[in-house]
Amino acid sequence: ITSGFSSSYDTYMIDVTGVAKNVARDANVELQIYDNGTLLTGANYDFKDESAANVNGANEFTIGEFDLASNDNGVNFTIRNANDATWYVESMGGRRIFMLGGWYDQSTGPVTGFRLLLSRDDMTGGTIRLYGVKNS
């Protein structure tokens, strides 16, 4: 998703609901960021997981693990300081994993989009909503 981002907002909230996938088995939801128009896919994503353990050098943020045998799962995340190189991401949701905070260590900013992936298989349903929090 690369539309909806502008300098009018410095915080974005992304809500994903009703996620379904084509095979009923566990999968991680992964997030990659478009930074200054470039999709960041290199091993520079750093974050803290639910036990506050450091995860360094990942190719994406791991947001949450879903038990997709039941489908209809959701996750949400917030991108803060989206208009400069100090942006970072927080998330909630998932079954066993959630990200307390994460960043990309070679960011140039601003955030111009994001990509959601599953660690395996394909998403077959769900709704993604993007909310901008207006600067005041």
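The values are calculated or read from the model by the stated rules, or taken from the named source; none is laboratory data. Just so you know, these numbers come straight off a predicted model, no measurement behind them. As a convention, Cβ positions derive from the backbone with ideal geometry for all residues, glycine included, and neighbour counts pool all protein chains shown. Heads up: the accessible areas ignore ligands, DNA and RNA and are worked out on the full protein's heavy atoms, side chains in. Shrake-Rupley method; radii C 1.70, N 1.55, O 1.52, S 1.80 Å.
Numbers at a glance
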{"item": "Residue count for region 114-136, restricted to those that are assigned to a strand (DSSP E or B) and either under 17 Å from F5 (Cα atoms) or touching a helix residue (DSSP H, G or I) at 6+ places or on another chain (Cβ under 7 Å) (or both)", "result": "10"}
{"item": "Top-ranked residue of region 103-136 - restricted to ones that are small (G, A, S) and at pLDDT below 90, ranked as surrounded by the most Cβ atoms within 10 Å (Cβ to Cβ)", "result": "G126"}
{"item": "Any hit, region 79-94, residues being at pLDDT 90 or above, among the polar types (S, T, N, Q) and within 21 Å of I1 (Cβ to Cβ)", "result": "yes"}
{"item": "So D46, is it touching a Lys or Arg at 6+ places or on another chain (Cβ under 7 Å) and modelled with pLDDT of 80 or more", "result": "no"}
{"item": "Residues of region 9-33 satisfying the condition of being open to solvent by 50 Å² or more (accessible area, probe 1.4 Å) and modelled with pLDDT of 90 or more", "result": "Y9, D10, M13"}
